[in-house]
Amino acid sequence: MRIGWKLALVGLLLLLLLVPLMMLSGLVSERQQRGREVAAEIARATAGEQALVGPLLLVEAEHRVEHRRVVNRGGHMSQETEETVQPFHYLVAPERLAVDGSLRSERRGRSLFSVPVFHASQTLQGRFRHVPPPVDAGELQPRRAWLVLGLGDNRGVRRISLELAGKPVPVEPGSRVAWLGEGLHAAVPLAALDDELGFLVNLDLAGTGSLAWVPVGGETSVSLAGDWPHPGFEGHHLPDQREVGEAGFSARWAVSRLSSRVSQALAACAPGDGQCKGVFEGAFGLRLVEPVDRYLMTDRAIKYALLFLGLVFGAVFLVEALAARPVHFVQYGLAGLAMAMFYLLLLSLSEHVGFGPAYATAALACSGLLGFYLAGVLGGRGRGLGFGLGLAGLYGLLYLLLRSEDHALLVGSGALFAALATVMALTRRVDWHTLGKG
């Protein structure tokens with residue numbers, strides 16, 4: 001068969017092999033979706049992501065305004081004073097807020113899918129200085145007050161105790177602030193507003209995904225240590241100090257009102273508003289990151305499948321041309337299916353033994369199978385062994401690409417250049433005009 005026709009058939013075969021590869025990609029997406037559904041089910045049964053806002057001081061006051069008007073009574077002009085009273089609610093942020101906590105993680109799952117769940121024990125300590133906000137006219141007279149704490153999901157509360165000015169205070173569900181959504185509150189005696197009010201909250205909180213804080217205090221500091229070895233720090237502020245190791249992590253944040261817009265956003269939001277823009281944008285915290293997402297890694301590996309097929313088919317074609325050993329179109333197809341089988345093995349095994357062992361097992365199995373098959377196709381054990389070892393090397397290179405995102409482009413471009421240089425060196429004396437004729 002002429003070389004042009006053979007190249008055309010090999011190219012057509014590469015396009016046909018895209019069909020099973022696309023089916024495998026769809027299967028990966030389906031398993032990913034099932035994993036997300038299980039994670040959502042576990043979050044619904046336990047608790048979702050947690051974001052702490054506060055504590056804040058919520059004050060219900062009366063806004064008293066005097067209005068003077070001139071009244072004509074029988075030709076005599078006189079002034080009367082009329083007082084209007086309207087309800088007025090406002091929030092007071094703590095002058096200082098210090099959070100000290102520890103985090104313990106566990107895995108919960110269903111069938112082959114699992115997600116990390118955290119249990120965070122935290123101590124929140126600080127103080128309030130009650131300063132009513134300025135009003136255009138009249139005066140504010142407080143009538144009731146509460147300490148409120150916003151949460152991401154109330155179902156995660158395992159235990160909570162609150163002390164105000166050194167005295168224990170009962171805590172009730174609900175934040176009483178519309179834009180906070182879920183949370184807790186406790187009544188504050190009006191007399192406590194006259195002096196500096198200290199508070200101490202001990203909170204055991206469970207959740208999934210992430211744990212965050214909104215720096216509502218004038219000075220906010222957070223210290224957290226946990227046993228999860230792969231924390232992903234995120235949000236508007238990164239830790240000033242952090243240590244991450246196999247045994248876990250420790251981190252410390254320190255945020256001033258001068259470096260955060262939360263104070264200004266909080267002052268512009270009324271407790272009865274449905275939303276408060278800008279407050280949650282200043283949040284910071286961490287996410288429990290999965291070190292190896294088997295579905296994401298498999299999906300990334302499939303993206304290199306066409307390149308792998310092209311390299312192997314090109315190598316087989318090169319040996320066929322140089323050694324004058326014809327390879328049938330069907331034999332190319334079986335070799336391509338064996339390589340496509342690698343991704344199916346990788347996906348199925350990774351759900352049981354993890355991505356690393358699954359990758360090694362699938363790579364060894366497919367390299368051995370292809371080496372054994374090509375030994376007969378190309379007429380020699382040495383050639384089959386060479387192809388098997390070469391494919392194993394390609395799988396090793398792919399693993400490095402998957403694990404090292406920062407250097408993937410550099411390693412990949414270097415490997416392709418080396419492959420092209422090898423082909424050019426081996427074929428520099430080949431007469432392509434006469435090859436395949438006879």
Quiz item: What is the pair-distance distribution P(r) of segment 192-287, computed from all Cα-Cα distances in 5 Å bins starting at 0, with each bin given as a whole percent?
Solution: 2, 11, 19, 19, 19, 15, 7, 4, 2, 0
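Check each of the GluC sites (Glu not before Pro) in segment 139-226 and keep only those in coil by DSSP with at most 13 other C-beta atoms within 10 angstrom; list them in order.
In loop regions of segment 139-226 (DSSP not H, G, I, E or B), the sparsely surrounded GluC sites (Glu not before Pro) are GLU196.
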Exercise. Classify segment 131-242 as rounded, prolate or oblate, taking a ≥ b ≥ c as the square roots of the eigenvalues of its Cα gyration tensor: rounded when a/c is under 1.5, otherwise prolate if a/b is larger than b/c and oblate if not.
Key: prolate
Quiz prompt | Distance between segment 295-312 and segment 216-232 - C-alpha centres, whole angstrom | solution = 39 Å
Quiz item: Per residue, what accessible area does segment 201-269 have, given a 1.4 Å probe and all protein chains present, in Å²?
Solution: 45 Å²
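The values are calculated or read from the model by the stated rules, or taken from the named source; none is laboratory data. Computed from a predicted structure; not experimentally measured. FYI the Cβ positions are ideal-geometry reconstructions off the backbone, even for glycines, and counts take in every protein chain you see. Keep in mind that these areas ignore ligands, DNA and RNA; they rest on the heavy atoms of the full protein, side chains included. Shrake-Rupley method; radii C 1.70, N 1.55, O 1.52, S 1.80 Å.
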